[in-house]
Amino acid sequence: MKISSINSSKPSFGYDKRLNKSLQTQLGKCKNTVMSQTIASLNDYCNLVEDNLREEEKKNGPKTSLYQDLQDMLSTSKQMLSGFVSFTFPKLRYPDREYAHYNREFVKNGSQKDDWRADVMEALSEWTESELSKSKTGQSNNPKDELYQPKFDEDGMEITDDPKKDLINKISGALSGKDKSLLEEFKPSATSPKGFQDVAGMDKLKKDLNNGIIQFINNPEQAKIDFEEYGKSIPKSLLLYGPPGCGKTYITQALSGEIDTPMYMLNISKAGSEYINMTAKNLKSAFDAAIRISEKQQKPVLVFMDEIDSLGFDRGAQTWPEDIKQVATMLQCIDQVKQSNVIIIGATNKYNILDPAIRRRFDSKVFVDIPDKDAIQTLLIKNLAPLSKGQKLLSSPDDLKTITNQLYGFSNSSICIISKQAALNAMERDRADISVDDYLKAIKETGEEKPDRKQYLAETKTKSAKIGFGS
Ligand code: ADP
């Protein structure tokens with residue numbers, strides 16, 4: 001097996017002989033001959049492309065278009081190979097060992113200069129010396145060939161007592177520019193909502209959340225009776241979907257204030273690692289961490305997953321084994337939290353590309369619409385009330401109505417942006433009172449666009465079922 005970074009912009013360092021041997025052994029034992037032959041051919045193909053790539057690099061350097069094309073071919077085929085190998089022989093821990101080898105070679109070749117190298121060297125700083133000395137003395141640096149079992153610290157975050165594993169984590173984080181803290185605790189700020197009183201409109205959703213989740217948590221005695229009499233239980237997963245900027249994140253933050261429960265944002269862009277096989281593992285450890293936190297604190301924990309579609313997309317449209325695997329992991333994670341005290345709230349602007357099985361797994365699905373006119377008025381008042389130059393407009397119901405009509409169709413987020421711009425417009429007019437014209441000008445200046453509400457609604461046939469029956 002030849003080694004090259006999965007990322008085509010990184011250099012390649014040649015074979016990891018031990019890994020190659022382990023793979024050959026596994027292929028020899030594999031009962032599924034079609035799969036083993038396919039993997040073997042793909043491996044040969046990767047080696048051929050890599051040979052050609054090295055040749056071209058030696059002859060003409062790395063800047064030629066042939067070199068770039070070969071790198072693209074290598075990167076794509078290596079991804080496929082890694083996906084198939086880790087799918088078929090998970091115990092081989094193929095991607096982890098590829099990285100380990102890559103990193104050792106990288107350390108050995110550390111004299112070459114590259115921009116990204118500095119990041120990696122920093123991550124390596126503690127380990128460089130020892131790894132170098134070990135490789136010089138011929139000692140093996142390969143991690144033990146066993147399945148990785150994550151461990152967690154007091155806060156439920158993953159730790160490791162395996163320095164090599166730590167090394168791999170650090171390097172893969174540094175190479176991708178991402179750290180591994182996937183669960184970010186939401187810390188309320190001056191502008192974040194403290195409870196539902198700060199959320200404009202969304203009355204039905206507030207009522208449903210109140211009946212479905214808040215009462216259940218704040219009044220466990222009543223919850224017990226509701227369960228005994230009607231089978232009502234707390235939903236463990238809720239999917240909010242609809243146009244961006246309409247308050248999916250905002251209302252979840254408010255919910256965490258209402259039930260005085262910690263909220264963690266699962267950072268999908270970090271979970272979605274470009275490194276093969278890391279995504280599913282990242283997801284799993286993030287959910288495990290959330291469960292541990294709720295167990296430790298003995299209270300429910302909210303996990304908010306924004307842009308859930310970026311991981312849980314429709315498997316029908318995907319061909320990469322890794323993509324399929326991460327959807328499967330997501331399904332497992334959602335099932336797993338049903339036994340725990342964690343409530344997942346997923347959010348997406350792209351309901352239609354979300355994997356149907358993931359959609360089905362959510363106990364409740366709620367369309368978060370653009371604000372209606374009452375909600376727009378409330379939001380306007382909320383924006384203007386703290387401003388002394390907004391008081392005149394506030395005291396004029398007709399003007400407020402005119403602005404409301406103009407703002408109908410925009411998202412909450414756009415309305416907040418337009419309001420800020422309107423205030424600046426008034427300031428530019430010799431610090432005048434904020435007026436209707438300032439708003440009209442701001443609508444044009446900000447270039448905010450009205451989302452196509454019908455398109456979002458057409459994406460789903462889901463009716464608005466009640467929140468409150470967990471499966
Ligand atoms: P989404 O998650 O649906 O894309 P957000 O919840 O991030 O949208 O909303 C973006 C911003 O719009 C929020 O930070 C907040 O300032 C404002 N906002 C959204 N909904 C509301 C609301 N109902 N009341 C007050 N402000 C809101």
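Observations, loosely collected:
- Scanning region 423-445 for residues that are in a helix (DSSP H, G or I), buried (at least 16 other Cβ atoms within 10 Å of the Cβ) and not aromatic (Phe, Trp, Tyr) gives 423, 425, 426, 436, 438, 440, 441, 442, 443.
- Of the residues making up region 62-72, those that are modelled with pLDDT of 80 or more and open to solvent by less than 70 Å² (accessible area, probe 1.4 Å) are 64, 67, 70.
- Residue match in region 3-18 (condition: in contact with a Pro (Cβ under 8 Å, 6 or more places away or on another chain), under 25 Å from residue 281 (Cβ atoms), at pLDDT below 75 and among the β-branched types (Val, Ile, Thr)): yes
- In region 391-412, residue nearest to residue 370 (Cα to Cα) [restricted to those that are surrounded by fewer than 17 Cβ atoms within 10 Å (Cβ to Cβ) and within 16 Å of the ligand (Cβ to nearest atom)]: 409
- Residue in region 349-360 that is at pLDDT below 95, within 23 Å of residue 256 (Cβ to Cβ), open to solvent by 20 Å² or more (accessible area, probe 1.4 Å) and within 16 Å of the ligand (Cβ to nearest atom) present: yes
- Among residues of region 282-295, those that are open to solvent by 10 Å² or more (accessible area, probe 1.4 Å) and closer than 17 Å to residue 184 by Cα, counted: 6
- Residues being modelled with pLDDT under 85, among the basic types (Lys, Arg) and either within 15 Å of the ligand (Cβ to nearest atom) or closer than 30 Å to residue 256 by Cβ (or both) - total across region 160-188: 2
- Unique match (being open to solvent by less than 50 Å² (accessible area, probe 1.4 Å) and not in a helix (DSSP H, G or I)) among 370, 376: 370
- Residue in region 413-422 that is farthest from residue 456 (Cα to Cα), counting only those that are within 15 Å of the ligand (Cβ to nearest atom) and open to solvent by less than 60 Å² (accessible area, probe 1.4 Å): 421
- Criterion: under 27 Å from the mean Cα position of the chain (by Cα), modelled with pLDDT under 90 and not hydrophobic (A, V, I, L, M, F, W, C) - qualifying residue of 191, 249: 191
- When region 296-315 is filtered for residues that are open to solvent by 20 Å² or more (accessible area, probe 1.4 Å) and modelled with pLDDT of 75 or more, the ones remaining, listed by number, are 296, 297, 298, 299, 300, 306, 307, 310.
- Tally, over region 205-244, of residues that are part of a loop (DSSP other than H, G, I, E, B) and without any contact (Cβ under 8 Å) to a residue 40 or more places away in the chain: 1
The values are calculated or read from the model by the stated rules, or taken from the named source; none is laboratory data. Computed from a prediction, not measured in an experiment: that's the story for all the values here. Cβ: placed from backbone, ideal geometry, glycine included. Neighbour counts: every protein chain shown. Surface areas here come from the heavy atoms of the whole protein model, side chains and all, with no ligands, DNA or RNA. Shrake-Rupley method; radii C 1.70, N 1.55, O 1.52, S 1.80 Å.
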